[in-house]
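A.B. asks: The structure's right below; bear with me while I get my questions together.
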Amino acid sequence: MKSFKTKDNDLSIKKNIFYGILFISLLGCLLHSVYNLSGKLIIIGLIAPINESIWEHLKLAFFPTIIWWVSSYFVLKRKTQIAWKRWFASAVISSVISPLFIITFYYTYTGAFGFNSIILDISSLLIGALFAQLVARHVYRYAKIGSLHYYLAIFVLFVFLLAFTFFTFIPPKLPLFLDPTTGKYGLQ
């Protein structure tokens with residue numbers, strides 16, 4: 001039998017997930033130009049795109065998602081009971097799904113239709129955030145997260161953070177990392 005407190009928790013978490021869609025989308029859009037506006041500070045370039053490559057634009061989904069989940073954990077834990085391991089695993093899942101959705105969406109519409117569209121690019125961020133948040137909510141609500149899952153989530157988060165950092169400075173010479181406006185890679 002669920003207690004009233006559990007229903008309150010679920011409602012608070014559900015609201016949080018949906019507010020997260022707005023936050024992630026808005027912050028992602030705002031981050032687009034922050035690197036150039038900062039005078040090209042390297043520290044800003046670690047979380048904001050340094051060029052127009054697809055890879056760098058994945059930061060627009062990844063880092064706002066992490067920021068949202070971490071900050072909302074501290075807000076929600078004051079008034080609800082949060083299962084930390086499930087919360088953390090859900091955060092990592094959301095932060096990974098959104099960039100993967102963006103890549104898939106981008107290469108599908110550019111490959112299938114042969115054109116680029118800023119409206120579709122922005123839409124991919126919005127739809128990716130929506131899809132990722134819904135999957136993360138489902139995981140938080142229903143998944144049984146054990147120690148192995150928790151440590152796997154830590155590992156995945158670490159790999160993504162390391163990849164974003166490393167590939168900002170030394171990107172592979174692959175189309176995903178190419179800035180189509182300059183023909184350059186990374187900070188070159």
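The values are calculated or read from the model by the stated rules, or taken from the named source; none is laboratory data. Computed from a predicted model, the values in this text were never measured in an experiment. Ideal geometry is used to build each Cβ from the backbone, glycine not excepted, and the neighbour counts take in all protein chains shown.
A.B. asks: When you go through (1) in contact (Cβ under 8 Å) with a residue 60 or more places away in the chain; (2) more than 13 Å from the chain's Cα centre (by Cα) one by one for SER95, which number turns out not to apply?
C.D. replies: (2)
A.B. asks: Pairs only if they're at least six apart or on different chains, beta carbon under 7 angstrom, first in segment 132-157 and touching a residue at least 60 places away in the same chain (Cβ under 8 Å), second surrounded by fewer than 15 Cβ atoms within 10 Å (Cβ to Cβ) and part of a helix (DSSP H, G or I); list them, first residue then second.
C.D. replies: Qualifying pairs under 7 Å: ARG137/LYS14.
A.B. asks: When segment 166-176 is examined, which residues are found to be over 18 Å from SER98 (Cα atoms) and not charged (D, E, K, R)?
C.D. replies: Step one: filter segment 166-176 for residues over 18 Å from SER98 (Cα atoms), giving 166-175.
Hits for segment 166-176 are PHE166, PHE167, THR168, PHE169, ILE170, PRO171, PRO172, LEU174, PRO175.
A.B. asks: Any chance segment 69-86 includes a residue that's closer than 13 Å to LEU125 by Cβ and of a type outside the set (Gly, Ala, Ser)? Step through it out loud before you land on a result.
C.D. replies: The initial filter retains those residues of segment 69-86 that are closer than 13 Å to LEU125 by Cβ, namely none.
No, because not a single residue in segment 69-86 is closer than 13 Å to LEU125 by Cβ and of a type outside the set (Gly, Ala, Ser).
A.B. asks: Give just the number: which of (1) farther than 24 Å from PRO180 by Cα; (2) out of contact with any Gly (no Cβ under 6 Å at 6 or more places or on another chain); (3) part of a helix (DSSP H, G or I) does GLN133 not satisfy?
C.D. replies: (2)
A.B. asks: Could you list, in sequence order, all residues of segment 155-188 that are surrounded by fewer than 13 Cβ atoms within 10 Å (Cβ to Cβ) and of a type in the set (A, V, I, L, M)?
C.D. replies: VAL159, LEU162, ILE170, LEU174
A.B. asks: Determine which member of the set ILE13, ILE50 is of a type in the set (Val, Ile, Thr) and in a helix (DSSP H, G or I).
C.D. replies: Details: ILE50 fails: in a helix (DSSP H, G or I).
Exactly one of ILE13, ILE50 is of a type in the set (Val, Ile, Thr) and in a helix (DSSP H, G or I), namely ILE13.
A.B. asks: For residues in segment 112-159 being over 24 Å from TYR19 (Cα atoms) and hydroxyl-bearing (Ser, Thr, Tyr), which is farthest from the chain's Cα centre (by Cα)?
C.D. replies: Applying the filter and picking the extreme gives SER147.
A.B. asks: Hey, THR80 hits all of (1) hydroxyl-bearing (Ser, Thr, Tyr); (2) modelled with pLDDT of 95 or more; (3) surrounded by 13 or more Cβ atoms within 10 Å (Cβ to Cβ) but one; which does it fall short on?
C.D. replies: Going through (1) hydroxyl-bearing (Ser, Thr, Tyr); (2) modelled with pLDDT of 95 or more; (3) surrounded by 13 or more Cβ atoms within 10 Å (Cβ to Cβ) one by one, THR80 breaks only (2).
A.B. asks: Moving on to the next point. Filter segment 60-72 for residues that are surrounded by 14 or more Cβ atoms within 10 Å (Cβ to Cβ) and either touching a helix residue (DSSP H, G or I) at 6+ places or on another chain (Cβ under 6 Å) or among the hydroxyl-bearing types (Ser, Thr, Tyr) (or both) and give the result.
C.D. replies: Quick first cut of segment 60-72, residues surrounded by 14 or more Cβ atoms within 10 Å (Cβ to Cβ) only: 60-69, 72.
Listed by number, the residues that qualify are LEU60, ALA61, PHE62, PRO64, THR65, ILE66, TRP68, TRP69, SER72.
A.B. asks: How many residues, within segment 98-124, are without any contact (Cβ under 8 Å) to a residue 60 or more places away in the chain, crowded, with 21+ Cβ neighbours inside 10 Å and either among the polar types (S, T, N, Q) or more than 29 Å from ILE154 (Cβ to Cβ) (or both)?
C.D. replies: The number of residues fulfilling the criteria is 1.
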